[in-house]
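Single-structure report; data block below.
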Amino acid sequence: MGYKVVVVGATGNVGREMLNILAEREFPVDEIVALASRKSLGTEVSFGDKTLTTKDLDTFDFTGWDMALFAVGSEATKKYAPQAAATGCVVIDNSSLYRYDPDIPLIVPEVNPDAIEQYSNKNIIANPNCSTAQMVVALKPLHDRAKIKRVVVSTYQSVSGSGKDAIDELWNQTKGMYVPGQEVAPSVYPKQIAFNVIPHIDVFMDSGDTKEEWKMIAETKKIVDPSIKVTATCVRVPVFVGHSESINIEFEDFLDEDEAREILRTAPGILVVDKREDGGYVTPVECVGDFATFISRIRQDVTIENGLNLWCVSDNLRKGAALNAVQIAELLGRRVLKKG
C-alpha cells in the first residue's frame, strides 16, 4: 500500500524535479496528482514513464491525500497550504514562508530527522533554503565531533535558484555578447549576469545583509545549533545549475583535517572528492543530476586555533530543493505514516 501524493507547482523547475525524484527513488506512490495555476492548466509533466496532466490548484480538494509537496511561492503557499493541512494532508513546503515559525519543523533529514515529530503541530513541514541545505549536511557530522563555534561562508549560486526566467537571461545575454544587435539588458537581475558575478541575492535588509544571507544564518541555527555564529556573503554566478560554497569553520576543539575527511566520508548524503592535484575536486557542472553533496579542498586553517576550510558543491534543484523535500516525505512515511 502506497501514498496518495500531491505535487503543487508541478510545471516549475522544482516541481518537475520533485516528480523526477519521486520516480527515480521509487517512492511508494499509490496515486499522484500534479497541480498548477490556471495559466498552466492542462500542461503535461512527466512522472517516470507516465505523463500527468496538471489540474487546477484553485479548485482541488486535498481531503484523503496523504502528503502535498509544495513548490510555489510564498503567496500561493500562504493561501493553499493551510487548506491542505486542515484536511489532514501533510504539507512539505519549499517556500520560505514557514521556515522561521517555531511551531513548524525545518528539516534536512541527514541532520535533524527527529524534528519530524513536530509535524503534527500544524501539519506542515518546511524545506530549508538551497544554500543552507547543502552546508548543514557538511556541518552536522563535524559539529557532533568538535562543536562548531563560528562559520564564515561565501556562496557561488547558480541562476536556476532564481527560476526559468533567470536561466533564459543568462543564456540570452551570453549569446548576445557575440551577436551585434542581440544584446540583452538585465531584467531578472539588477546587473548583467553573463560573464559576471553579482554579490546580491534577495532583498537588502537594514543590517546590510541580503535576505539570502540572513536565511543561511537563521536556518543553520534552527537546524543544527542556535549557538553557532554564522556570517555569509551570497553571490550569484553565471552557472546554470549547482551551488558552490567556500566554508571556513572554527571549532571549540581541535579537529585534524584527516579526521574531518574521514568523518565526512562516512556521513550520510556526502561524497568526498579531495585529491591535491589538478582536477581533484568537484565543480558545479559535475554535480548536476546527482543526489549527493560533494566536499573537496578540506584543509587546516592555520590562522585560527581550531579551524578548517572546505569546498561544498551540490545540485541546488535537487538537494537544495526537490530532493530534500522527497527525503522529508520518505522520513515522514518511515517514522510517522508508515504506509509504504
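Remark: the Ser154-Met177 segment gains 5.5 nm on full extension, using 0.36 nm per residue and subtracting the alpha carbon distance.
Note on region 158-202: with charges restricted to the Cβ of Lys and Arg (+1) and Asp and Glu (-1), its dipole about the Cα centre is near 100 debye. Figure legend: label point modelled 7 angstrom from the Cα of Val235 along Cα→Cβ; residues of region 190-215 with amide N under 18 Å from it are 190-202, 209-214. Relative to one another, the C-alpha centroids of region 265-324 and region 12-55 are positioned 30 Å apart. Across region 153-236, C-alpha contacts under 8 Å between residues 6 or more apart give a mean separation that, scaled by the residue count, equals a relative contact order of 35 percent. Calculated accessible area for the chain comes out at 44 Å² per residue, all protein chains present (probe 1.4 Å; ligands, DNA, RNA ignored). Here the accessible area of the chain is 50 percent carbon and sulfur, with a 1.4 angstrom probe and all protein chains present.
Computed over the chain, the per-residue total of -39500 (n - 2.57) for DSSP H runs of n ≥ 4 gives a 222 nm mean residue ellipticity of -8000 deg cm²/dmol, rounded to 500. With coordinates expressed along the principal axes, the C-alpha atoms belonging to the chain extend over 59, 57, 42 Å, beginning with the largest. Here the relative contact order of region 22-85, from alpha carbon pairs under 8 Å that lie six or more residues apart, stands at 25 percent. Mind checking the dipole of the chain: about its Cα centre, +1 per Lys or Arg Cβ, -1 per Asp or Glu Cβ, Debye to the nearest 20? Charge dipole, the chain, about its Cα centre: 540 debye, nearest 20.
Based on the inverse mean of 1/r over its pairs of different Cα atoms, what is the Kirkwood hydrodynamic radius of region 10-61, in Å? Spell out each step's value before the answer.
Values: mean 1/r = 0.0892 Å⁻¹.
Across region 10-61, the inverse of the average 1/r is 11.2 Å.
Summarising the strand pairing of region 136-292, around 55 percent of its internal DSSP beta bridges are antiparallel.
If a/c stays under 1.5 just call it rounded; otherwise compare a/b with b/c (prolate if a/b is bigger, oblate if not). Do that for region 45-194, with a ≥ b ≥ c from the square roots of the Cα gyration tensor eigenvalues. Let's see the in-between values first.
On the way: a/c = 2.44, a/b = 1.25, b/c = 1.96.
Judged from the Cα gyration tensor, region 45-194 comes out oblate (a/c at least 1.5, b/c at or above a/b).
Excluding the site residues themselves, the longest part of the chain lacking any trypsin sites (Lys or Arg not before Pro) in a DSSP loop with at most 14 other Cβ atoms within 10 Å is 26-190.
Quote the charge dipole size of region 27-171 about the Cα centre in Debye, to the nearest 20; the model charges only the Cβ of Lys and Arg (+1) and of Asp and Glu (-1).
Details: 14 positive and 19 negative charges, 136 e Å.
For this selection, approximately 660 debye.
Just to be sure I understand the curve: with the Debye formula and one point per C-alpha of region 1-99, what is log10 I(q)/I(0) at q = 0.14, 0.19, 0.25 Å⁻¹? Relative scattering, expressed as log10 I(q)/I(0), comes to -0.45, -0.86, -1.50. Note on Glu286 and Glu330: their simple-model spin labels are 2.4 nm apart, each label 7 Å out from Cα toward Cβ. The modelled label-to-label distance between Ser120 and Arg276, using points 7 Å beyond Cα along the C-beta direction, is 5.3 nm.
The values are calculated or read from the model by the stated rules, or taken from the named source; none is laboratory data. Source: prediction; values computed, not measured. Neighbour counts are summed over all protein chains in view; Cβ atoms, including those assigned to glycine, are modelled from backbone coordinates with ideal geometry. Areas reflect the complete protein model, heavy atoms only, side chains present, ligands, DNA and RNA absent. Shrake-Rupley method; radii C 1.70, N 1.55, O 1.52, S 1.80 Å.
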